[in-house]
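Following: one structure in structure tokens, then a few remarks.
The values are calculated or read from the model by the stated rules, or taken from the named source; none is laboratory data. None of the values given here were measured: they were computed from a predicted structure. When the accessible area is computed, the model is the full protein with side chains, heavy atoms only, and any ligands, DNA or RNA have been set aside. Shrake-Rupley method; radii C 1.70, N 1.55, O 1.52, S 1.80 Å.
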Amino acid sequence: MTVESTPSIARVREVTDRARAAGRRVGFVPTMGYLHEGHASLVAAARAHDDLVIVSIFVNPLQFAPDEDLDAYPRDLDHDLAVCTREGADLVFVPPVEEMYPRPPRTTVTVAGVSEPLEGRSRPTHFAGVATVVAKLFAIVGGCRAYFGEKDWQQLRVVQTMAADLSLPVEVVGCPIVREPDGLALSSRNVYLDAEERAQAPVLYRALCRGAELVAEGETDPGRVEAAMAALVAEAPLATLDYVAAVQADSLTVDGPLHGEVRLLGAVRFGRARLIDNLGVTVPD
Ligand code: AMP
């Protein structure tokens, strides 16, 4: 049996309200579809903790700039429903754009601070689009635990900040990054890579690992860590560096020498594909 899917906000409300009224815990996994094992791990985490598991599949136009890949974004609903069925989801919400945005939204959500550096600098309208659609999805699903991948570390911090600031009845949970055996983080956008680009793509993860080694050895100068990571990326001829950064994990900024929980993040272009990845490391005492 294939999992139930619905295009309807009203149906999602009905199912989640009924579950909560019966004292059941609701788990929610928002995605843009073209599901891979990274997404599957989020559904599995929800399944392990919650009684009712909802997955949403919505390629959100608001978070794409006009020159980005909205129309080309890969889609395969049959495959996605098979993954959701396999992982034991209870309901898959697949709204058409008109269900989510019957008119262009007049109300949008922006999260100051944590949205601004890194991805925010490269994609200035992206996180307002993400925060707006996630706020809307949280309003549709209601009180729940929501599972996000650490793959999009800055997005996770944006959504956690929004949920806290607006007192949304949602506990935002971060889950570990799922990688290919050679270190490349799974991403729906990896299908854009040709064979040569795919062979060089793990350079981003290798650069993050090099940065983590330096920090673990006691390097606390973010500039030196960033320079070492950038030098490694430069060894891949097909890679164009957007940024690499060593920042405090919670704020995504630096406030002097690195300390405590640090996050190393990077974005690299390979042809049509823009890959992002990140890694956590703790500065030794
Ligand atoms: P997306 O469909 O790309 O918007 O991603 C939906 C959710 O899956 C987000 O919370 C992502 O962070 C998460 N995700 C994507 N790739 C991975 C991965 N390789 N490992 C873990 N989570 C991931």
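With q set to 0.08, 0.17, 0.19, 0.21 Å⁻¹, the log10 of I(q)/I(0) for the stretch 1-148, from the Debye formula over equal scatterers at the Cα positions, is -0.22, -1.01, -1.22, -1.40. Over every Cα atom in the stretch 116-211, the radius of gyration and the widest Cα-Cα span, Dmax, amount to 15.8, 47 Å. Excluding ligands and nucleic acids, what accessible area in Å² is computed for Arg47 using a 1.4 Å probe, to the nearest 10? Answer for Arg47: close to 80 Å² accessible. Compactness ratio for the stretch 1-58: Cα radius of gyration over 2.2 N^0.38 Å (N = residue count) comes to 1.14. Taking every C-alpha pair closer than 8 Å and separated by at least 6 residues, the mean separation divided by the residue count of the chain gives a relative contact order of 17 percent.
For the chain, the share of DSSP beta bridges that are antiparallel, to the nearest 5, is 50%. On a per residue basis, the chain carries 45 Å² of accessible surface, using protein heavy atoms and a 1.4 Å probe. Per-residue 3J(HN,Hα) values for the stretch 146-156, derived from phi via the Karplus relation 6.51 cos²θ - 1.76 cosθ + 1.60 with θ = phi - 60°, read 10, 10, 10, x, 5, 3, 9, 4, 5, 4, 4 Hz in sequence order (x marks Gly and Pro). Distance between the C-alpha centres of the stretch 204-241 and the stretch 97-142: 31 Å, rounded to the whole angstrom. Pairwise Cα distances in the chain exceed 34 Å in 20 percent of cases.
Taking the Cα atoms only, what angle lies between the long axis of helix 222-233 and the longest principal axis of the chain, rounded to 10 degrees? The helix 222-233 is inclined about 90 degrees to the chain. Counting protein heavy atoms only, the chain has 52 percent of its accessible area on carbon and sulfur, 1.4 angstrom probe. When only alpha carbons of the stretch 180-274 are considered, Rg and Dmax amount to 13.7, 41 Å. Taking the C-alpha atoms only, the angle from helix 37-49 to the longest principal axis of the chain is near 60 degrees. The helix-only estimate of mean residue ellipticity at 222 nm for the chain, built from DSSP H runs of length n ≥ 4 each weighted as -39500 (n - 2.57), is -11000 deg cm²/dmol after division by the residue total. Angle of helix 126-141 to the longest C-alpha principal axis of the chain, folded into 0 to 90 degrees and rounded to 10: 30°.
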